[in-house]
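Structure first, commentary second.
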Number of protein chains: 2
Amino acid sequence: MAPASVFDGVLATDQYQLTMAQLYFEEGLADRTAQFDYFFRSNPDYGTHQAGYCITAGLDWLLGWMEHVRFGERDLQILRDQATGGGGRRFSAGFLDWLGEHGDFSAVEVDAVAEGRVVHPNVPVAIVRGPLAMAQILETAFLNRLNYPTLVATKASRVKEAARGRPVLEFGMRRGPETGVHAGGRGALIGGADATSNLALATANGIDAKGTHAHSMVQVFMALGIGELEAFRRFARLYPDECTLLVDTIDVLDSGVPNAVTVFKELATAGHRPAGIRIDSGDLAHLAIRSAALLDEAGFGDVPIVLSSDLDELVIWQILSQIDTEAVRYGLDPAGVVGRMVFGVGTRLITSHGDPALGGVYKLVAVQDAAGDWLPAIKVSEDVAKVAVPGAKQVYRLYSGDGLATADLIAVAGEYPFTADTVDLFHPHREVNRRLATADITKVEELLGAVFRNGRRVDPTPTLAQLRQRQERDLEQLHPGVRRLVNPHIYHVSLTAAMKQRQRELVRAALDSAV
Amino acid sequence: MAPASVFDGVLATDQYQLTMAQLYFEEGLADRTAQFDYFFRSNPDYGTHQAGYCITAGLDWLLGWMEHVRFGERDLQILRDQATGGGGRRFSAGFLDWLGEHGDFSAVEVDAVAEGRVVHPNVPVAIVRGPLAMAQILETAFLNRLNYPTLVATKASRVKEAARGRPVLEFGMRRGPETGVHAGGRGALIGGADATSNLALATANGIDAKGTHAHSMVQVFMALGIGELEAFRRFARLYPDECTLLVDTIDVLDSGVPNAVTVFKELATAGHRPAGIRIDSGDLAHLAIRSAALLDEAGFGDVPIVLSSDLDELVIWQILSQIDTEAVRYGLDPAGVVGRMVFGVGTRLITSHGDPALGGVYKLVAVQDAAGDWLPAIKVSEDVAKVAVPGAKQVYRLYSGDGLATADLIAVAGEYPFTADTVDLFHPHREVNRRLATADITKVEELLGAVFRNGRRVDPTPTLAQLRQRQERDLEQLHPGVRRLVNPHIYHVSLTAAMKQRQRELVRAALDSAV
């Protein structure tokens, strides 16, 4: 295994970024300013259900990486050693010298939507301007470090939505993608998970890691002939103030819960408050109701019940729906049972079950000519109407009288189209528009801001609490139809008239040149 | 962002491993030898298709991690700082002292199936024996570092199968799971991918990274008014011996391929051999056929055609089937077209599209009593017949006269049941058996071997070439029905009579004690 730093460094990129960068260098274009936009074209689609929005995640770690990496001597040596099929050196001394001198991200500027915000398809989530060669090399890092965390943050937000606000614990380390679980777990915490079992991740974020015991703990004491009750008792003795007991090693209702109740009574007598039970198999909703009844009976009506085992947003939805209808059969108030639920969500959160990749792209939008004017870049083989518009941009989020976000409007930077009585909103790809009375817009918010300048993050690293606040505030301001777990409404993303005009000109020029 | 080393170190585990370890310490059990088995219960199921086998991956990196990590002062301080809900310290000074002294994996022994081998459900892929506390803490690392690479290796093997042996390039970095792409990419290389675009991963493995250029390169030259042909020409001038041109920025047949042909002719005149074209959008099979015809016409019948864009095993299968039937319509020999295909496989390989997690488990099998005798551990709530059998084991792979592997046989260590005329093979979970004539077994191979002793890997790190050889040899020896991409045959995994006897006794004891 090579030194870990090869994976942490600037060579964590696709090879072709380097071959292209060298071509730009040879053509005298390496320092020419270029613009790339990062965005995605559609929300995750999980097959039977689909997301109506995304939660951005990964930005601060990406920018932190950009602050620290550069082409150092070891990286240059690795490139120097690359031989072509013809036997020569793939990278020239001239290019490597240039990389040694200019091979960092200090000349790259990034504007972006803040991490933890609700974002929508086709809106530029980040705009990168900088020397063509280094901005090109950055592509892989942008895609690698934003797509996956955003995907998991989005799934976490949906899981939290299904959980009706009850606590969600991220348990994905064991079946997640090796070291990717840290960025994925952080995405989950940003998007809606309340805590994680990942000790390294919790430590890095200054939060308390969650976890009590596994079946193996009970099995050890059973193997030794000591049994489940005594295993629970010893665990409780050591952790009297955070005693959550896993009750399904033998049988939830016949053994686990009765033994937990015995131990909880002993804890209560000694002045401690039992922390909960956890059920990891079986008909979870049914077992939760029956366990709640047993706990109620024993005077532990406030003890939480943690459920785990292949949960995702639909499974949690099903579980809570089942509790809604089934609890009364056991003489319980459904709201009371729901109100004590906690969800441990692992595999299906960390892998974004149903749609394991976000299709985020990092598109070359324009490159400057020798005089510093922007020349738009076009991929003619695509639907020309989908062409990204070059130049500085701003995204306005418009809010209406009910306090809800009503549309995201992509504008030319500096443009403020809200002074007239009405504002025209143009569909990003089609020639349709609608008109909005300015009086109906109660708030206009700029989404894009400078996040990386002069090789440094503009803002200090946000705390997890701050990121979660952004996410919670944005979700409160999102229409319930867009938040819906199945068949969500489509949120409006539009262009201003000025932006639409630029797009039209660009499309016309593209069609002309393609003839 | 916390120091990367928190994520690389021993705290990259689930919190509850530590709370359990402390309980074992307090109960005087931390040093008691325990056995955990790592295995999976079913092959990946992608929904419409399913794997008939898995390829193991991740072992060497896992063992390398075990060699280097231990609880150091910084880790202990992090644990020392953890406070309980009640305000006290979660971890005692005594336990932390013990961890400081015994908190490494030097006393843990691992036997395993070699990395890169074909493996099957229910067969122990690794067996861990060591002090209960440290073997327990190891659980998360085992699952995190073996499940995902094995999953991707398995997918890669299927992709290679679908590709009829044509080259497969791993392109997954951009939409894969952040830093997990390195372990995933390595899994892909072990399982069947011939090369990767991931420069860091290629460097770490001493292989050449693959990649030429993206659409953005052509777009830059188009934006500058220079155009596609001249972009190709300049690229070819810089990389005359590895000139693969991406031909779909404008239009594959009307622009890309004709321009590529022009440049290839110039290259050929100068004595260079063009490396290929790449098509990344559209009806790939159709465009490949038409492009092949154009290349043939121009005298470049041997130039490879690289296809990319959301490929997986079924898409590649479809593409090659379409070539089989459609090529003749354009006067081409289908085998000739197929024989020049190369596949760039990204998102769907690195995410194991359709089944994004391997359900590998790390099960406590037994713990020793004070006298050193094994006490089996059982989770009664599971199907008792699925209980894992404690004690040292060996797995024999049996080969038949046609040179194919016919069954994996889980035996008691030291047992060699092939001396009689017949050998009984028992179903792992059901009370059925079949009898095999020993004369029909042409080879018996031991699958489990010592891989970690005294804190060190037993064998040197295998090269990628060695790992791929293992994989290729195993696949050659696997029945075509088991290799089948859809509805594969089930490979036989059996227990020996002695192992079955142990399992029966265990189940009986479990049922008795559960009464």
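Values in this text are rule-based calculations from the coordinates and carry no lab data. Predicted model only: the values in this text are computed from it and were never measured. When we count neighbours, we look across all protein chains shown, and the Cβ atoms used for this are built from the backbone with ideal geometry, even at glycine.
With the simple model of a label 7 Å out from the Cα in the direction of the Cβ, B:Leu404 to B:Glu446 spans 2.8 nm. Go ahead and run the numbers for FRET between B:Glu73 and B:Asp8, Cβ-Cβ distance against an R0 of 22 Å, rounding to 0.05. Calculated transfer efficiency: 0.85. Mean separation of Cα pairs under 8 Å and 6 or more residues apart, divided by the residue count, gives segment A:19-102 a relative contact order of 23 percent.
Histogrammed with a bin width of 5 Å, the alpha carbon distances of segment B:146-242 distribute as 3, 13, 18, 18, 14, 12, 11, 7, 3, 1, 0 percent, first bin at zero.
Order these by the 10 Å Cβ neighbour count, fewest first: A:Ile490, B:Ile250, B:Ile441. Walk me through the intermediate numbers first.
Numbers: A:Ile490 11, B:Ile250 21, B:Ile441 18.
Sorted ascending by nearby Cβ count, the order is A:Ile490, B:Ile441, B:Ile250.
In this assembly of identical copies, the label point of A:Gly414 (Cα plus 7 Å along Cα-to-Cβ) is separated from its counterparts by 8.6 nm, sorted shortest first. Excluding same-chain neighbours fewer than eight residues apart, the lysines reachable from B:Lys443 by a Cα-Cα span under 21 Å are B:Lys393. Sorted shortest first, the separations between the B:Gly282 label point and its copies elsewhere in the assembly read 6.0 nm; each point sits 7 Å from Cα along the Cα-to-Cβ line. Net charge in the neighbourhood of B:Glu242 (other residues with Cβ under 13 Å of its Cβ; Lys, Arg +1, Asp, Glu -1) is +4.
Here r is the Cβ-Cβ distance between A:Asp283 and B:Ala465 and R0 is 51 Å; the resulting FRET efficiency, rounded to 0.05, is 0.50.
Please label the shape of segment A:42-116 as rounded, prolate or oblate, based on the square roots a ≥ b ≥ c of the eigenvalues of the alpha-carbon gyration tensor (a/c under 1.5 means rounded; beyond that, a/b larger than b/c means prolate, else oblate). Since a/c reaches 1.5 but b/c is at least a/b, the shape of segment A:42-116 is classed as oblate.
Kirkwood hydrodynamic radius of the protein assembly as shown from all distinct Cα pairs, in Å? Intermediate values should be presented prior to the final figure.
Details: mean 1/r = 0.0329 Å⁻¹.
Every distinct Cα pair counted, the radius reaches 30.4 Å.
Distance between the 7 Å Cα→Cβ label points at B:Ala93 and A:Asp254: 4.7 nm. Our Cα-only numbers for chain B put the radius of gyration and Dmax at 27.0, 86 Å.
Set the Cα radius of gyration of segment B:155-350 against 2.2 N^0.38 Å, with N its number of residues, and you get 1.00.
Relative contact order for segment B:155-350: what is it in percent, counting Cα pairs under 8 Å that are at least 6 residues apart?
Working: 336 pairs, mean separation 52.0, N = 196.
Averaging sequence separation for qualifying contacts and normalising by length gives 27 percent for segment B:155-350.
Starting from the label point of A:Ala93 at 7 Å along Cα→Cβ, the same points in the other copies fall at 6.4 nm, in ascending order. Please say if segment B:286-418 is rounded, prolate or oblate, where rounded means a/c under 1.5 for a ≥ b ≥ c the square roots of the C-alpha gyration tensor eigenvalues, and otherwise the choice is prolate for a/b larger than b/c and oblate otherwise? Cα axes put segment B:286-418 in the prolate bin. Relative contact order for chain B: 20 percent, from Cα pairs under 8 Å spaced at least 6 residues apart, divided by residue count.
How far, in degrees from 0 to 90, does helix B:132-162 lean away from the longest principal axis of the Cα atoms of chain B, to the nearest 10? Helix B:132-162 sits roughly 30 degrees off the main axis of chain B. Nearest 0.05, what FRET efficiency do A:Thr262 and A:His489 give at R0 = 56 Å with Cβ-Cβ as r? Taking R0 as 56 Å, the efficiency between A:Thr262 and A:His489 is 0.65.
For segment A:306-364, with equal point scatterers placed on the C-alpha atoms only and solvent neglected, what are the log10 I(q)/I(0) values from the Debye formula at q = 0.14, 0.29 1/Å, to two decimals? Normalising to I(0) and taking log10 leaves -0.52, -1.16.
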